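Every read-out reported here was derived from the displayed coordinates using simple, explicitly stated rules and does not represent laboratory data. The structure presented is a predicted model; accordingly, all values stated were derived computationally and were not measured. Backbone-built Cβ (ideal geometry, glycine too); neighbour counts: all protein chains shown.
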Amino acid sequence: MVDYHVHPDFSHDAKGSVEDYCRRATEVGLKELCFTTHFEPDPVRRDTEWVVVEGKKVSPVSGWPVAYFAAIERARVSFPSLSILAGVEVGFEPELEPTIREFLEKYRFDFVIGAVHCIDHVAFTAGSELDAAVAAFGPDQHGFCRHYHANLRAAAGSGLFDCLAHLDIYRKYLGKAFGDGFLADCAAGFPETLACIAGTETGIEVNTSALRRGEDEPYPGRAILLQAAAAGVRRFTVGSDAHRVLDLGTGSDRAVNLLSGLGATSARFPRRAGR
């Protein structure tokens, strides 16, 4: 089993050190894990987004990966039987592409996963910003769906990412706030978006965090994964999106079984070379 979406305490919303997660990985039988600390470089959100290094808040666009890589290298020495990758989860908006590109050229990660967390600088994936998101997007829910899919396609087309995270993550908060009509509207955009993703050979994540919250399907759900496979997407990763040590690897077996039913397997990305 592998887990390609893990947040150690370099992410400000996570708890547990790199070493803590590696110890847990050996306990639950994981063979490989990829740390994916948040990189959210939007300057408009500079007071909301940061990285934690030795207990101190630092800017995302700073030299924090040096300490991050060092922590992972120490873990590789301490846990020689465990494959440990240094990845990053990048919050994407199209205007941030030059900043992201410069960052990824400077720091060489094993795996880079792109995510659309914000639209117009509002994080619709954060419970603390739900009221702001509902106020911002409620009057134009169709506009949100259109904008969201445009950003997913731009992320794929940028060539920056190995994989795109939790494609229908809007279910988490906005789905509950806006209801079935909103979900159907967003779902209608996937044929075009998935064709774009397939055309760029970007992968798609099966994010199991929804399962531990009691939902029946991961992000994205089975219907979208079926569409993805039919569109020609060939690479899928499995990630728990763990922000706590005990969440590591949860739901991975169900995700692997789901992919197996689609005739797919969980891809691996050592040194950004998917296999």
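For the chain, the cysteines with no partner cysteine C-beta closer than 4.7 Å are 22, 34, 118, 163, 196.
Any chance you could list the semi-axes, whole Å, largest first, of the equivalent ellipsoid that the Cα gyration tensor gives for the chain, using √(5λ)?
On the way: eigenvalues 145, 97, 63 Å².
Equivalent ellipsoid of the chain: 27, 22, 18 Å, largest first.
The trypsin sites (Lys or Arg not before Pro) of the range 47-115 that meet both conditions, a loop assignment by DSSP and at most 16 other Cβ atoms within 10 Å of the site Cβ, are 108.
Grouping the Cα pair distances of the range 1-64 into 10 Å bins from zero gives a pair-distance distribution of 22, 46, 24, 9, 0 percent in increasing distance order. What's the center-to-center distance, using Cα atoms, between the range 247-266 and the range 137-167 in Å? Cα centres, the range 247-266 to the range 137-167: 24 Å. Convex hull volume per residue, computed on the Cα atoms of the range 148-208, equals 78 Å³.
Modelled this way, with points 7 Å down the Cα-to-C-beta line, the labels at residue 257 and residue 17 are 3.6 nm from one another.
Mind giving me the FRET efficiency for residue 132 and residue 192? R0 is 30 Å, r the Cβ-Cβ distance, nearest 0.05 is fine. Walk me through the intermediate numbers first.
Values: r = 28 Å, r/R0 = 0.94.
E(calc), rounded to 0.05, equals 0.60.
Across the range 2-272, C-alpha contacts under 8 Å between residues 6 or more apart give a mean separation that, scaled by the residue count, equals a relative contact order of 21 percent.
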